[in-house]
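Asker: Below: one structure in structure tokens.
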Amino acid sequence: MARPLRPLLPWALLAVLGAASLAWLGLLGFAWNDYDVEAAPSFAALVHGDVGRFIQLAPAYGGSLIMRAPFALAAHALGGGEVAVFRAVGVPCLLAGAALGASLAWSLVARGAERGTIAIVVALCAANPITLRALDMGHPEELLGAALSAAAVLAALRGRANWTGVLLGLAVANKAWALLAIGPVLLALPSGRWRVLGIAGGLALGFVSPLLLASPPASQPEVHAATTGGIFQPWQMWWFFGSPGEVIRGGDGLIKEGYRAAPGWLSPISHPLIVLVAVPLSLLAWRRRSDPLLLLALLFVLRCVLDPWNTAYYALPAIIALVAWEATRTLKPPVFALVLTLATWGTWEWLVPAASADVQALVYLGWSLPFAALLAWRLYAPPLPAMPALSRGGRASVWSTTQ
């Protein structure tokens, strides 16, 4: 029997308002951020009718640009300029977060959750401050990939194989890090795994193949997904393997005081290593019959820790996965997602401007590694045995526990 839509309407409205508030705050312009260098030239070619150059100029995550191309064309057709196109291609990303928040709210309403819990879940999906960081840096597609990945696992848990394949394929086409969602999706599916992989692979290939066939112009700098190039941030586990004392300049040409140079052996292995680590962790979760959404969250947290490019918005997929996990497993507020949001925000808003690069690395590892270990413990630890408790008469009784 279909659930009534009326109880969902206030939460759907809240989700839309949250997404609109982020758009108002974060889609002001794109000067000096990654969109300006990576995506703006490609979209400019598209709206002027040069599809071939649109593909050639696309960055490594060009599949996301192709997915959002209709919004760019619509903004241009309505008379908008470059800023209008920038704002338009951010809209589907923000709506994806709002849609996921509304969907989780609908489930929580049906299960009788308190309004405060539902409001927090919706806010974390649709109006997360880490999303604002992604918008400021020109990467709204990070939220789109996060929402699609979590939605793919949720669809798999509900046995909707076709939808699972479509959502997973779109997530991978959007950005390559969504490959980490394959293990959790297969773990969640009761059947039809080969069908899902076929749908997802075909859909992702359909978006990515034009990029693979096109060669970028010699004048266009490439943005590689498989190697880390010269980017080496303090907020990852490889930091102290770097060489101190070298002059490191940022994209603006300014010297980055206290920064280290990346070791030469790291660049070709770091991103493939993130994907490879997911394989044994997913197999172990399969053997232990662990929670797929929690596995997804752990893999996304490890992606942050292991990636030399790591920055604030990289935590967004992990946060969204944690929100989905907690919203489907409990009626309490999503504590893990809130902790990760606050720790990430505090690191980049308060610590980074005030501390040296080495201190930033120590503090980041000081909270991120224990957090990842806690998630792993929750994921893989066997269920606790029933605990004895003293009755009023002083004799031991056993609490009945349920999973």
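Asker: Just to check your reading of the model, which residue among ALA261, ALA357, ALA278, ALA285 is touching a Gly at 6+ places or on another chain (Cβ under 9 Å) and modelled with pLDDT under 95? Quick ask: steps written out before the conclusion?
Answerer: On the way: ALA357 fails: modelled with pLDDT under 95; ALA278 fails: modelled with pLDDT under 95; ALA285 fails: modelled with pLDDT under 95.
It is ALA261.
Asker: Applying the selection to segment 106-120, what residues are of a type outside the set (Gly, Ala, Ser) and either out of contact with any helix residue (DSSP H, G or I) (no Cβ under 8 Å at 6 or more places or on another chain) or within 14 Å of LEU340 (Cβ to Cβ) (or both)?
Answerer: Scanning segment 106-120 gives ARG111, GLU114, ARG115, ILE120.
Asker: Answer yes if at least one residue in segment 17-25 is open to solvent by less than 30 Å² (accessible area, probe 1.4 Å), farther than 16 Å from ALA134 by Cα, of a type outside the set (A, V, I, L, M) and at pLDDT 95 or above, and no otherwise.
Answerer: So far as segment 17-25 goes, no, none of its residues is open to solvent by less than 30 Å² (accessible area, probe 1.4 Å), farther than 16 Å from ALA134 by Cα, of a type outside the set (A, V, I, L, M) and at pLDDT 95 or above.
Asker: Go through segment 269-299 and give me each residue that's free of Cβ contacts under 8 Å to residues at least 40 places away in the same chain and buried (at least 19 other Cβ atoms within 10 Å of the Cβ).
Answerer: Listed by number, the list is empty, since nothing qualifies.
Asker: If you don't mind, there's one more thing I want to ask. Is it true that LEU302 is in contact with a helix residue (DSSP H, G or I) (Cβ under 8 Å, 6 or more places away or on another chain) and either at pLDDT 95 or above or open to solvent by 10 Å² or more (accessible area, probe 1.4 Å) (or both)? Give the steps one after another, and end with the answer.
Answerer: On the way: in contact with a helix residue (DSSP H, G or I) (Cβ under 8 Å, 6 or more places away or on another chain): yes; either at pLDDT 95 or above or open to solvent by 10 Å² or more (accessible area, probe 1.4 Å) (or both): yes.
For LEU302, the condition - in contact with a helix residue (DSSP H, G or I) (Cβ under 8 Å, 6 or more places away or on another chain) and either at pLDDT 95 or above or open to solvent by 10 Å² or more (accessible area, probe 1.4 Å) (or both) - is met.
Asker: Could I ask something else about it? Name every residue in segment 68-87 that is touching a helix residue (DSSP H, G or I) at 6+ places or on another chain (Cβ under 8 Å), open to solvent by 20 Å² or more (accessible area, probe 1.4 Å) and within 19 Å of LEU170 (Cα to Cα), in order of residue number.
Answerer: Passing the criteria: only PHE71.
Asker: Please verify whether segment 275-282 includes one or more residues that are touching a Pro at 6+ places or on another chain (Cβ under 8 Å) and under 28 Å from TRP265 (Cα atoms).
Answerer: Checking segment 275-282: at least one residue is touching a Pro at 6+ places or on another chain (Cβ under 8 Å) and under 28 Å from TRP265 (Cα atoms).
Asker: Under 7 Å by Cβ, and 6 or more places apart or on different chains, what pairs join a residue from segment 317-335 that is among the basic types (Lys, Arg) with one that is assigned to a helix (DSSP H, G or I)?
Answerer: That search, which allows pairs on different chains as well, returns LYS332/THR117.
Asker: Out of LEU351, LEU362, LEU369, LEU374, which single residue is open to solvent by 40 Å² or more (accessible area, probe 1.4 Å) and farther than 27 Å from LEU179 by Cβ?
Answerer: Sole residue among the options that is open to solvent by 40 Å² or more (accessible area, probe 1.4 Å) and farther than 27 Å from LEU179 by Cβ: LEU362.
Asker: Among the residues of segment 26-33, is any within 16 Å of ALA74 (Cβ to Cβ) and in a loop (DSSP other than H, G, I, E, B)?
Answerer: yes
Asker: Taking the residues in segment 110-136 that are in a loop (DSSP other than H, G, I, E, B) and open to solvent by less than 20 Å² (accessible area, probe 1.4 Å) as candidates, determine which candidate is nearest to PHE86 (Cα to Cα).
Answerer: Here the answer is ASN128.
The values are calculated or read from the model by the stated rules, or taken from the named source; none is laboratory data. Because the structure is a prediction, the values reported are computed rather than measured. Reconstructed Cβ throughout: ideal geometry from the backbone, glycine too, with neighbour counts over all protein chains shown. Just so you know, the surface numbers come from the protein's heavy atoms only, side chains and all, with ligands and any DNA or RNA stripped out. Shrake-Rupley method; radii C 1.70, N 1.55, O 1.52, S 1.80 Å.
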